[in-house]
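Below is one structure, written out as C-alpha cells; the observations come after it.
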Amino acid sequence: MDERLSFTSEEKYEAYEIIRRLLKTTSPKLNNSEKKFIVKHLYDANNKGLLQRDSFGLNPILTSLQTALIASEQIGLGKDSIMATLLYNTTEQNRFEDFENEGIINEDVTRIIYGLARIKQLYKKNPIIESENFRNLLLSFAEDMRVVLIIISERVNLMRRIRDNANINAKKNVSEEANYLYAPLAHKLGLYQLKSELEDLSLKYLERDAYYMIKEKLNETKKSRDQYIDSFIYPIRQELVSAGFDFQIKGRTKSIHSIWQKMKKQHCDFDRIFDLFAIRIILKVDETENEKKFHALEKKLCWQVFSIITDMYQPNPKRLRDWLSMPKTNGYESLHITVLGPESKWVEVQIRTERMDDVAEKGVAAHWKYKGLKGDGGLDEWLKSIRSAIENSDDLEVMEEFKMNLYEDEIYVFSPKGDLFKLPKGSTVLDFAYTIHTAVGNNCTGAKINNKIVNFRHVLQSGDQIEIITSTKQKPKRDWLSYVKTSHAKSKIRMALRESQVKESLMAKEMLERRLKNRKIDLDESIMNQLIKKMGFKQTTDFYHKIVSGSIDLSEIIEKYDDLKKHDKTLRYTQQTRSAEEFNFDGTNVSLTNENDDVLVIDKNIKGIEYQLARCCNPIYGDDVFGFVTVNGGIKIHRNDCPNASELRRRFGYRIVKAKWGGKGVSQYNISLRIIGNDDIGIVSNITNIISKEEKILTRSINIDSHDGLFRGVVVVNIYDTQRLDKLIKKIKTIKGIKSVERI
C-alpha cells in the first residue's frame with residue numbers, strides 16, 4: 001500500500017479557508033449528508049493510498065479544492081460541479097456508479113465524473129494537442145459541458161501553482177498545452193479573464209525574459225498609466241456630454257501576452273506598440289421600427305464622435321480601420337482610430353454602438369471569432385449558448401441542464417502514436433486503413449482497437465485507438481465497397497480492382513500467347529482487338545477475365561483468331577506497303593507516373609480537389625512541391641524549401657501529401673527577386689531592359705533603396721515557370737555591378 005498523504009501546516013490553513021469560501025459561495029448549498037460523504041470519501045481514499053502528490057509535488061486534495069473555488073467563483077458552477085471536482089481524482093474506476101446506485105450522489109454528478117475520467121484517459125493516448133481537431137475531440141468527449149469548464153479551471157489552477165517548481169520540462173509541457181488548447185477554449189467560451197491569465201502565465205514559463213521585460217516596462221508606469229487614461233478620457237467625456245451623447249467609456253491596457261504577440265508580428269520593440277492603451281466608446285442609440293434608418297443613425301453618430309476626437313487629438317491616418325462602411329465577414333462593426341494623446345503617446349480609440357458591441361461580444365460575431373479563432377456549425381451555436389448562460393447569472397439553472405450534442409456526423413480516432421484523425425460517422429476500420437495509406441488499406445485484414453482484435457468491417461467510435469493488422473496475401477474485393485464510408489477509400493478500392501483486372505488480363509494474355517505459340521501462330525494485337533470487338537466485348541479486361549474464369553473455350557478463340565488473321569493477310573497484299581522511315585512517334589502526351597505512390601498532380605485539368613498556392617513561399621510551375629491538407633479539407637501547395645516546410649512536416653506529417661506539376665505551365669505567377677549591387681549610374685535601367693526583352697515576362701513593380709554605395713532592390717515580375725525564372729536570374733547576374741540575385 002502506498003504511503004498516506006500528509007498535509008503541511010500551510011496546506012491545512014489554505015484548505016480550511018477554501019472550504020469556508022466554497023460553503024459560502026456554492027449554490028445550492030451542500031447539505032450535511034453531502035459534506036459528510038465527501039469528507040469520508042477523501043478519508044477512505046487516503047487510507048487506500050489513492051491520494052499521492054503529482055509530478056509537481058502538489059497536494060491532490062488541495063488542488064481539487066482550489067479548482068472547485070475557481071469553477072465556483074470565476075465561472076459560477078453549482079453544487080453538482082463542485083462535488084464532481086472534489087471526488088473524481090480520488091474515485092476508483094466504476095466506483096462512482098455505486099455511489100449513484102446507493103443514492104449518495106445524483107445522476108448529474110455521476111455524468112460529470114465520468115466525463116472527467118474520459119478526458120484523463122484521452123491524455124494517456126498522448127495526441128497532438130496543437131490542433132483544432134484535438135480541441136473538437138476534447139469537447140465531443142465531454143458529454144456534459146460542465147466537464148469542459150472544470151478542466152479549464154483545473155488548468156488555470158495548475159498554472160498558478162507551478163510558478164516556483166523546479167521541474168522545467170514538465171512546466172514547459174503544461175504551459176504549451178495551456179497556450180495551444182486551454183486558452184483558445186476559454187476564449188471561445190467567453191471566459192476572457194481566465195483566457196488572459198492562461199496566456200500570460202504560459203508566456204511567463206515559456207519565454208521568461210520577454211514576459212519580465214514587458215512586465216517591468218508596464219510597472220515603470222503602473223501608477224501613471226491609470227492617470228494617463230483618465231486624463232485622456234476626461235476632455236473626450238466633456239465634449240461628448242456637451243454634444244448630447246448617451247454613452248459609456250471603457251479604458252484598458254493590453255495584456256502582457258497580447259503586447260508580446262504584437263511585438264513579434266510587427267517585428268518591433270515595446271516602445272513601437274501603438275495601441276498599448278485602448279479606449280472603447282459605446283454609444284446608446286434608441287431603436288426605431290425602421291431597421292435601415294436605425295443603422296444609418298448608428299453610423300452617423302459614430303462618425304460624429306470620430307470627428308470630435310480627431311479635432312481634439314492628432315489622428316494617424318494609416319491606422320484608421322473603418323468597419324462601419326464595410327463590416328467584417330463575421331458581422332463585426334466598429335470604427336477604430338489611433339490618435340496621438342498627451343505626452344506623444346499613441347492611443348487606439350474604438351467607436352461603436354451598444355448593438356455593435358453586443359454583436360462583437362455575444363452575438364453573431366462573437367468575440368472569439370473577431371480575434372480570428374475559427375469554429376464550425378454545431379460547435380458555434382453550442383458555445384454561444386453556453387456563453388449566454390455564463391454571462392447571465394439568472395440562467396445558471398438552465399446551464400446545469402445543458403448537454404453536449406456535437407459532431408453527430410463526425411468521429412475522432414487515434415493512430416497508435418497518438419496522431420488524430422477525423423472521419424465521417426459510420427466509418428469502419430477499412431476507412432481508417434485507407435486514410436493511413438493505400439497499401440495499408442489494400443492489405444488490411446482487421447485491427448486492434450483498445451487492445452481488442454476486430455475485423456475490417458468494424459464501425460469506429462470517437463476516441464478509438466486503432467492499430468491496423470495487414471497481410472500481404474490480402475487483396476481488395478468488390479464487396480469491400482459496401483464496407484466503407486469515405487469516398488477516398490472507395491476510390492482507392494476501385495483503383496485496386498482495376499489494377500487487379502490489368503494483372504488478370506496479363507496472365508490470361510500470356511496463357512493465350514503460349515497456346516498460339518504451340519500452334520506456331522504469332523499474336524497480332526490489332527487482329528486480336530478486332531476479334532474481341534467482334535465477339536461483343538466492350539473492354540479487353542472483360543474478355544481476358546472470361547478466359548481466366550474458363551467461361552470461354554481457348555481452342556475456339558484460337559480458331560477464330562487464325563481465320564481472321566488469314567483474312568486480314570489477304571487484304572494487306574492489295575495495299576501499298578508503308579516505309580518505317582515515314583513514321584514519326586510523338587511522345588509529348590505520354591505521362592509516366594508511379595502508380596504505387598499517392599501523388600497529387602497539379603494542372604489545369606484537376607477536378608474535385610480544392611487547392612491553393614501557399615503565400616508563404618509562392619510556388620510556381622517547375623518548383624519541387626508538396627501538398628498540405630488544411631482543416632477545412634482543401635490543399636495548400638508549398639515549395640519543398642518553404643520556410644514553414646520543416647515545421648509542417650514535424651507537427652502535421654500525417655497531413656502531408658506528395659504533389660507534382662502536370663502538363664505545361666499555362667499560368668503566370670508573381671515572383672519577387674531581391675537584387676543587391678553597386679549603386680552605379682544606369683544599373684537599374686539595365687535591369688529593366690533585360691526584363692523587358694524577355695518574352696512573356698512582365699515587370700509588376702520595382703522598389704529600390706540606396707545606402708553607402710550599394711543598392712538593394714526588390715523586383716516583382718510576372719512569369720510562367722522556373723525555367724524562365726532561372727534564365728532571367730542568370731541574365732541579371734551578368735550585369736556589371738550586380739552582386740547577388742535571389743528569389744524571395
key: Karplus (6.51, -1.76, 1.60) ³J(HN,Hα), θ = phi - 60°, over region 455-460, in Hz, Gly and Pro reported as x   = 7, 6, 8, 4, 7, 7
query = What spacing in nm lies between the two simple spin-label points modelled at Arg20 and Asp524, each 7 Å away from Cα in the Cβ direction?
reply = 10.8
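Hey, can you find the accessible area per residue of region 407-528 for me, probe 1.4 Å, expressed in square angstrom?
56
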Out-of-range pairs (alpha-carbon distance over 32 Å; input Lys492/Lys565; Lys660/Lys693; Lys318/Lys731; Lys490/Lys660; Lys292/Lys345; Lys264/Lys727) = Lys492/Lys565; Lys318/Lys731; Lys292/Lys345; Lys264/Lys727
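Could you work out how much longer the chain between Glu694 and Lys739 gets when fully extended? Use 0.36 nm per residue separation minus the Cα distance between them, nm to one decimal.
14.1 nm
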query = Based on the alpha-carbon gyration tensor of region 1-57 and its eigenvalue square roots a ≥ b ≥ c, which shape applies: rounded if a/c is under 1.5, prolate if not and a/b is larger than b/c, or oblate?
reply = oblate
request  = Could you list, in their original order, any pairs among Lys503/Lys566; Lys425/Lys477; Lys120/Lys171 whose Cα atoms are separated by more than 28 Å?
outcome  = Lys503/Lys566
request  = Can you tell me how much longer the chain between Asp322 and Lys223 gets when fully stretched, taken as 0.36 nm per residue apart minus their C-alpha distance, in nm with one decimal?
outcome  = 32.3 nm
ask   = Residues with amide H under 5 Å of Gly677's amide H, sequence separation 5 or more or different chain, H placed in the peptide plane at 1.01 Å from N; which?
value = Phe711, Lys739
remark   = Applied in sequence order to region 20-25, the curve 6.51 cos²θ - 1.76 cosθ + 1.60 (Karplus, θ = phi - 60°) yields integer Hz couplings, x standing for Gly and Pro, of 4, 5, 5, 5, 7, 9
note = Sorted by chain and number, the residues with a modelled amide H under 5 Å from that of Ile635, at a separation of 5 or more or across chains, are Glu610, Tyr611, Gln612, Thr630
request  = Decide, for region 504-571, between rounded, prolate and oblate: order the square roots of the alpha carbon gyration tensor eigenvalues as a ≥ b ≥ c, take rounded if a/c falls under 1.5, and otherwise choose prolate if a/b is larger than b/c, else oblate.
outcome  = oblate
query = Which stretch or stretches of region 481-501 have amide N atoms under 20 Å from the point lying 7 Å from Glu513's Cα along the Cα→Cβ direction?
reply = 499-501
ask   = Want the number for Lys264 to Val601: 0.36 nm per residue separation, take away the alpha-carbon distance, what's left?
value = 117.6 nm
15 Å reach of a label modelled at Asp705, 7 Å along Cα-to-Cβ, counting backbone N of region 256-291 = 267-268
remark   = Within region 151-166, the residues whose backbone N lies under 13 Å from a label point placed 7 Å from the Cα of Thr8 along the Cα-to-Cβ direction are 162-166
ask   = Could you give me the ³J(HN,Hα) list for region 149-166, computed from phi with Karplus coefficients 6.51, -1.76, 1.60 and θ = phi - 60°, whole Hz, x at Gly and Pro?
value = 5, 5, 5, 5, 4, 4, 6, 4, 4, 4, 5, 5, 8, 9, 3, 9, 6, 8
task = Starting from the amide H of Thr445, placed 1.01 Å from N in the peptide plane, find each other amide H under 5 Å away whose residue is 5 or more places distant or on another chain.
result = Ile469, Thr470, Ser471
request  = Determine the distance separating the Cα centre of region 240-294 from the Cα centre of region 1-57; give it in Å without decimals.
outcome  = 45
message = Quick check: pseudo-label points 7 Å beyond the Cα along Cα→Cβ at Lys664 and Ser242, how many nm apart are they?
response = 7.3
key: Segments 31-38, 56-63, 209-216 sorted - mean Cβ within 10 Å per residue, highest first   = 56-63, 209-216, 31-38
key: Estimated FRET transfer efficiency when R0 is 45 angstrom, pair Ser555-Thr470 (beta carbons, to 0.05)   = 0.60
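The values are calculated or read from the model by the stated rules, or taken from the named source; none is laboratory data. These numbers were taken from a predicted model, which means no experiment stands behind them. Using ideal geometry, Cβ is built from the backbone for each residue, glycine included, and neighbour counts are taken over all protein chains shown. Note: accessible area is taken over every heavy atom of the protein model, side chains too, but ligands, DNA and RNA are not part of it. Shrake-Rupley method; radii C 1.70, N 1.55, O 1.52, S 1.80 Å.
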